[in-house]
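Every number in this text was worked out from the coordinates using simple rules, so none of it is lab data. What you see is a predicted model; the values in this text were computed from it and never measured. Heads up, the Cβs are rebuilt from the backbone with ideal geometry, glycines too, and the neighbour counts pull from every protein chain shown.
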Amino acid sequence: MYQFIQSGDHYILSLDNHVSLMEALTRFCTEQHILSGVIGGLGAINEATFRFLDPATRKYVDKTFAEQMEITNLTGNISQKDGNPYLHVHITASRRDYTCVGGHLLDAKINGACELTVDACPSLHPGRRADEETGLNLYRF
Ligand code: FE
């Protein structure tokens with residue numbers, strides 16, 4: 001599902017073709033016991049599902065784009081919820097006509113490659129808590 005090399009708390013990660021990005025990244029964090037850190041990356045995908053939270057209605061609006069796209073930027077963070085890795089990932093992806101879509105990523109399917117860096121911060125222990133007002137899982141320090 002993935003391959004990686006490591007130097008201390010710094011990882012370079014390559015996800016296998018055709019895998020689910022979030023499933024592979026979550027598995028990597030679980031198997032490497034990473035519960036805190038930052039993620040960066042790029043890649044190619046043929047499907048991405050985003051989630052938009054409308055603050056007025058507090059309803060989620062999910063939208064899937066099923067087409068070949070380049071991840072022009074992936075940025076994310078790793079915290080923990082109930083002892084498991086909790087990933088918060090946003091991406092921007094460019095389409096064939098070079099217009100971009102982006103937002104909070106629910107999942108994406110790799111179609112080509114996905115090259116990520118993960119910098120773990122094992123001395124920090126950010127958690128998550130459900131926030132009544134926003135409807136979000138906010139940091140709990
Ligand atoms: Fe988000």
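Go ahead and estimate [θ] at 222 nm for the chain from helices alone: -39,500 (n - 2.57) per DSSP H run with n ≥ 4, summed, over the residue count, rounded to 500.
It comes out at -2500 deg cm²/dmol, rounded to the nearest 500.
Quick check of the Kirkwood formula: for the chain, what is the inverse mean of 1/r over all pairs of different Cα atoms, in Å?
15.6 Å
Among 87-100, 25-38, what's the highest-first ranking by average C-beta atoms within 10 angstrom per residue?
25-38, 87-100
Need the full-extension length gain, HIS18 to GLN3, defined as separation in residues times 0.36 nm minus the C-alpha distance. One decimal, nm.
This chain segment gains 4.0 nm when fully extended.
Ranking request for peptides 131-137, 74-80: highest mean number of other beta-carbon atoms within 10 Å first, then the rest in descending order. Walk me through the intermediate numbers first.
Details: 131-137: 11.7, 74-80: 19.1.
Per-residue Cβ counts within 10 Å, averaged per peptide and sorted highest first, yield 74-80, 131-137.
Taking the alpha-carbon centroid of each part, what is the distance from region 76-100 to region 1-37 in angstrom?
13 Å
Residue separation times 0.36 nm, minus the C-alpha to C-alpha distance between HIS10 and ASP97: what's the value?
Result: 27.8 nm gained on full extension.
Sequence neighbours fewer than 8 away in the same chain don't count; with that in mind, list the aspartates and glutamates whose C-alpha is under 13 Å from LYS109.
Within reach: ASP16, GLU23, GLU47, GLU67, GLU70.
Would you mind calculating the gained length between PHE141 and ARG27 on full extension (0.36 nm times residue separation, minus the Cα-Cα distance), in nm to one decimal?
38.6 nm is the gain from fully extending PHE141 to ARG27.
Quick one: the Cα spread of region 91-141 along its three principal axes, in angstroms, biggest first?
42, 30, 16
Among VAL61, ALA120, ASN73, which residue has its Cα furthest toward the positive end of the charge dipole of the chain, with +1 on Lys/Arg Cβ and -1 on Asp/Glu Cβ?
Of VAL61, ALA120, ASN73, it is VAL61.
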